[in-house]
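Step one of this worksheet: look at the structure below.
Every number in this text was worked out from the coordinates using simple rules, so none of it is lab data. Keep in mind it's a predicted model, so treat the numbers as computed, not measured. Backbone-built Cβ (ideal geometry, glycine too); neighbour counts: all protein chains shown.
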Amino acid sequence: MPTVTDNVVYTPGGQPIKIVDPSETGFNAMDSEAFLKLLVTQLQNQDPSAPMSNEELLGQISGMRELQSSLELSETLDSLAASQAYVSQTQLASSFIGKEVTAFKEDGTSITGIAESAVFEGGAAYLKINGEKIPVANVTAVGVPSDAE
């Protein structure tokens, strides 16, 4: 059975095969600067006896503008998604504060205690339980503290 490590698949015979993300190949990997360089190079090397028509040039410039717009839209959507994930995780983590929480620690053992605070670090939300920082993703149960009943 093949094994996968660091974007490389190793066949049963041990041969490495690099996994390539389709968005990083061909025109998908080209940004507007690379497209412009390609266009300028094409114009410099075109046949003077049969130059590119105005329609072809306008079509390529239009393609470059579409590419730039797509890249900007993609960056905006990525930023928006990251922002929404931050808000969502922060709201979830803060809703646990003051409640009895059971979660798994990094070593796999279970911890139960009152969620004292919530923090967002490195793209993930954490709770402070019994003085330990626990990822919100590791929470398995939430309840009302036993002294509040």
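Results, tabulated for the structure shown:
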read-out: Under Karplus coefficients 6.51, -1.76 and 1.60, residue-wise ³J(HN,Hα) of segment 69-79 in Hz, glycine/proline x; value: 4, 4, 5, 5, 5, 4, 5, 5, 5, 4, 5
read-out: Extension reserve of the A85-S110 stretch, reckoned as 0.36 nm per residue once the Cα distance is removed; value: 6.4 nm
read-out: Rough spin-label spacing in nm, given labels placed 7 Å along Cα→Cβ, for Q42 and E132; value: 6.0
read-out: Length added when fully stretched, S49-E33, from 0.36 nm per residue minus Cα-Cα; value: 3.0 nm
read-out: Rh by Kirkwood over Cα pairs, then Stokes-Einstein D for segment 96-148 at 1.306 mPa s and 10 °C, µm²/s; value: 146
